Structure formats: structure tokens, C-alpha cells
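Report on the structure given below.
The values are calculated or read from the model by the stated rules, or taken from the named source; none is laboratory data. Just so we're clear, the structure is a prediction, and the values are computed from it rather than from any experiment. Glycine gets a Cβ as well: all are built from the backbone with ideal geometry, and neighbour counts include every protein chain shown. Heads up: the accessible areas ignore ligands, DNA and RNA and are worked out on the full protein's heavy atoms, side chains in. Shrake-Rupley method; radii C 1.70, N 1.55, O 1.52, S 1.80 Å.
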Amino acid sequence: MFDPNEVHPLRDGGIKWVFYFRKSEVPRRELEIVSWAKRGKLLRLAVTFGSMDPGVREYRSTTAVHLWQMDTLPTTISWRKVFVHVFTHEPLHHAIGRFLAEMAERGDQEWVIQRLGDGRWW
């Protein structure tokens, strides 16, 4: 019988970082997420996708940083601030994804982040 409160610990396989300099390099799934964010009046500068390897009980993720959106930043925001934000915020997505996987949850990171509070800080 499945216990919904049971947690299955996973090793942390870390984050693989990928940087896209051109929109044409970005996979369709990520472009769909960027479009969804734009419709919500959010600027999606990075996307984190997680996956679990059940054979070794490990969770890892890939974070894609969208440098092709540099010209869409407000003039009051520097790329230095953006990188500080991305390199502190996306590991939070990684951790949330890992904990969801440990609890065998099917919810996604965006759902959790929305309930924790707005991720924008500028």
C-alpha cells in the first residue's frame, strides 16, 4: 500500500547549466514556456527542467539561461543583477523539483513557486 506521506530520499545529481545565445537554438518546449511567461507579463530568463534516474535513485536538472533575451530587459536592470538572480533562484527550482520527486508528486516547480510567492525581485 502507498503511503502519501512517505519520502524516498534521492541523491542530488546537481544542475547542468546551458546558455542559449540565439532564439533559434532554444528547444520548442522551452520556447513555449517563455511564451507562456510573456503572456503573463513575466520575463523568463532561465528555465530549469528536472529528472529522476530511478536506477541510481538520483535527481538532476538542467537549467537553460536565455541570453537571447538581453534586449528585453528594462534599462534599469543590469545583467549583473540578472545573473545574481538566476544563479540564486534556479537552484531553488532544482531543490523543489528534487523534493517533489522524493514525495512522488506530479506537481511542477512553477506551481510550488507561485504558492511560495512571486519570484520577481526587480
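General remarks:
- Selection count, region 20-58, where residues are open to solvent by 50 Å² or more (accessible area, probe 1.4 Å), among the polar types (S, T, N, Q) and within 24 Å of Ala104 (Cβ to Cβ): 1
- Positions within region 55-74 being of a type in the set (S, T, N, Q) and within 30 Å of Leu10 (Cα to Cα), in sequence order: Ser61, Thr62, Thr63
- Within region 52-74, considering residues that are part of a helix (DSSP H, G or I) and free of Cβ contacts under 8 Å to residues at least 24 places away in the same chain, the one farthest from the chain's Cα centre (by Cα): Asp71
- Inter-residue pairs, beta-carbon under 7 Å, first in contact (Cβ under 8 Å) with a residue 40 or more places away in the chain and in region 77-104, second of a type in the set (Asp, Glu) and open to solvent by 40 Å² or more (accessible area, probe 1.4 Å), 6+ apart: Arg98/Asp12
- Filtered residue count, region 75-103, keeping only those that are surrounded by fewer than 12 Cβ atoms within 10 Å (Cβ to Cβ) and under 23 Å from Arg11 (Cβ atoms): 1
- Inter-residue pairs, beta-carbon under 7 Å, first farther than 19 Å from Phe87 by Cβ and in region 10-38, second among the aromatic types (Phe, Trp, Tyr), 6+ apart: Leu10/Tyr59; Arg22/Trp68; Lys23/Trp68; Val26/Tyr20
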